[in-house]
Amino acid sequence: MYFFSVNIKKRLKKSLLRGILWYLPLALMASLADAGLLWGIRSFMGLLEGSSPFTLWEWAGLMALLAALRLVFMFAKARNSETFLFNTGKSVTEWFLGRIRTLSPRLFHDGSGDAKVEAAYEATLSLQSNAGAYFQLVQALLQLAIFLPVLLYISWPLTLFLFAAVVPFVAWMQRRLHALGPQEESLLYARSNFRLSLNTARRLYRNWSGNAEIEHLAREVSEEAGTLNRKGLDASIRKNALSIAMETLSVVAMVAVLAFCAMLIARGWMDGTGLVLFCSALLLCYKPVKECARAVPQFRAAASACDVLEEFEGLPMRAADRSNQDLNGAAKDAGDACGLEAGSRLPRLSEARNDDSIVIAHGNFTYEGSDTPVYRDFGITLSREKPVLLRGQNGIGKSTLLRLLAGLEEWDAATRDTPAQSLPEGTAQPANVFFIPQDLELPPRRLLIEQLNSVKSAGNSAPEKSPKSAGTFNPAINNSPAINDKPASIPKADLLANFARTAGTDRLLEKQGLSGGERSRIALLWALASDSPTVLLDEPMAAIALDDRERILLAFLDTAAALGKWVIMASHDPFSATAQSRFNVVEMERAKG
C-alpha cells in the first residue's frame with residue numbers, strides 16, 4: 001500500500017474506510033454474540049419462572065457456546081484492526097521516507113526543514129498509536145444500533161430519559177475536543193524541536209570539549225525539556241479531564257437510570273424481569289461506549305497527526321525540470337541542449353556538440369536567509385578530457401558548485417533583476433554521481449564490503465576508457481605491476497585491491513572508531529567501487545597525512561581513469577607539478593553584486 005499519487009489526508013481517509021469495511025463484519029458478529037448473551041439472560045429469567053424450553057444444563061451449554069463464539073469474533077476483529085493499523089503505519093512511514101528524498105534542499109538551509117521533518121515523523125507515530133480509536137467508535141455504534149431497539153422495546157420512557165441526559169453532554173464534549181486540535185499540533189512540533197536539540201547536544205557532548213559551551217547548551221536543552229514537559233502535562237490533563245468527565249457522566253447516568261427504574265416499578269410500568277433485561281442490555285452497550293469515550297482524545301490526536309502530515313506533504317519539492325544536467329556524458333542534440341525553453345526561469349546546463357564538456361550558463365544561487373548571493377549570472381565550462389581541479393578562495397562557491405552538480409542543491413529561480421534562464425527540455429537530475437563532501441559521514445561499511453564482494457564475484461574487467469570522459473591513464477605513476485599491464489583489461493576487483501593497498505584501506509573496513517583521514521580513504525575506495533562514472537570530491541585530502549596525500553591522489557586518479565570515471569575535485573592543497581598536470585585547473589571567481 002503506497003500513498004504517493006493522492007493527497008495523503010484523502011488517501012488515509014479512503015484507506016480507513018476500507019479498513020472499517022473489512023472490520024465491520026467481524027465487529028457485527030461480535031455484537032450479535034452479545035445479543036445472544038442478552039437472549040440467554042432472558043431465557044434464564046424464563047427458566048426461573050418455569051417457562052423456558054431449555055433445561056439448566058442445556059441453557060449452560062448454549063451460553064458457553066455463545067461465550068466461545070464471542071471470544072473468537074472479538075479476537076478476530078482485534079487482529080483485523082491491529083493488522084490494518086500496523087500495515088497502514090508501515091505504508092505511511094514508506095511514504096514519509098520517500099517524501100524526504102524529494103524535498104527541496106532549500107528547506108534545510110535555515111534548519112526549519114529539519115524541524116518539519118521531525119514533526120512529520122512524530123505524526124506518523126501518533127497516527128498509528130491513535131487511529132485505533134476509530135475502530136472502537138465503530139464497535140460502540142454497532143452496539144448501540146443492535147441494543148437501542150431492545151432498550152426502546154423494554155422501556156421507551158427510560159431510554160429517552162437516558163438519551164436526554166447524554167446527548168447534550170456529548171455535544172459539549174465535541175466542542176472541547178475540537179479546541180484541543182491546535183494544542184496537539186503544537187505539542188507535535190515541540191517534540192520535534194526538542195529531538196533536534198537533543199541530537200545536537202548528543203553530538204557536541206562527544207565532540208566538543210569547551211565547558212562553557214557545553215554547560216550553556218545543557219541549560220538550553222534542559223529548559224526546552226521543561227517547556228515540553230509543561231506543554232505535555234497540560235495537554236495530558238485536558239485529555240484525561242475529558243475522559244474522566246465522560247466516565248463520570250456514565251456513572252451519573254447509571255444512578256439516574258436506576259432511580260427512574262424504581263419510579264417505573266413503583267407505578268407498575270416495569271417488572272423485575274424488565275429491569276434485569278434493561279440493565280443487561282445497557283451494560284453490554286456501556287463497555288464499548290465507555291472505551292470509545294475514553295478514546296475521545298485519541299480522535300483529536302489522530303486528526304492533528306493527519307493535519308501535520310498534510311502540511312508536510314505541501315512542502316516544496318525538487319522540481320523535475322529544475323534538476324541539473326546529467327554529468328555522465330549521454331549524447332544529446334546540441335541544438336536542443338543550448339536552447340531556452342519558453343517560460344522556464346532556471347540556469348542552463350548544456351553539453352558541447354562533441355560531448356567533451358559541461359557548460360553552465362546564467363546560474364544564480366543564494367542560500368535561504370542570506371542576502372549575499374553565491375553565484376550571480378554564473379557561467380563555467382568543465383572539460384571531460386581530463387580530471388577537473390577547482391581552485392579559489394574560501395567561500396567562493398566551490399563546495400556549492402559540487403553540491404549543485406550532484407543534485408543536492410537547486411539553482412535559484414530567476415527574479416526581476418536577473419536574466420531569464422532555463423534547463424534544456426528533458427534534462428534530469430544526475431542519477432549516478434558519487435559525491436564526497438567535506439563534512440564526511442559514511443554509510444554503514446557493510447554496504448561497501450558487500451559491493452566489493454559483488455565486484456569480486458562478478459570478475460568483470462574495467463570498461464574501455466575514453467580519454468574525453470575519464471582523463472589520461474598514467475600507469476607509470478603507480479608502482480603496482482598489475483596496473484602497468486594493459487589497464488583496459490584489468491579486472492575491476494584487482495584495480496580496487498591495488499588502490500586499497502596503496503591507500504591502506506584494506507585494514508580499515510572492519511576497524512571501529514575511524515579517524516578523519518581513515519574515513520576519507522574509505523570514501524575514496526567507495527567512490528571507485530561504485531558504478532558512478534562521475535566522481536565529485538570536495539577537499540578529499542584535507543584530513544589525510546601530508547606525506548600520503550599526493551601518493552593516494554595519484555593512485556586514485558590512475559584507478560579512476562582505468563575504470564572510466566571522470567573526476568571533479570575542489571581543493572586548496574598545493575600539489576607538485578606532476579600531480580597538477582593531471583588536471584584541467586579552473587580558477588573560480590567571487591559572485592558580483
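The values are calculated or read from the model by the stated rules, or taken from the named source; none is laboratory data. What you are looking at is a predicted structure, and each value in this text was computed from that prediction instead of being measured. Note: ideal-geometry Cβ built from the backbone for every residue, glycine included; neighbour counts use all protein chains shown.
Numerical summary
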read-out	value
Flag if S532 is modelled with pLDDT under 90 and crowded, with 19+ Cβ neighbours inside 10 Å	yes
Residue in the range 25-46 that is under 19 Å from Q139 (Cβ atoms), in contact (Cβ under 8 Å) with a residue 24 or more places away in the chain and among the charged types (D, E, K, R) present	yes
Scope the range 395-410; condition closer than 12 Å to E587 by Cα and surrounded by fewer than 20 Cβ atoms within 10 Å (Cβ to Cβ); matching residues	I396
Sole residue being small (G, A, S), without any contact (Cβ under 8 Å) to a residue 60 or more places away in the chain, exposed (fewer than 12 other Cβ atoms within 10 Å of the Cβ) and assigned by the TED database to the domain that holds A123, chosen from A64, A60	A64
Any hit, the range 495-505, residues being at pLDDT below 90 and either within 36 Å of the chain's Cα centre (by Cα) or buried (at least 23 other Cβ atoms within 10 Å of the Cβ) (or both)	yes
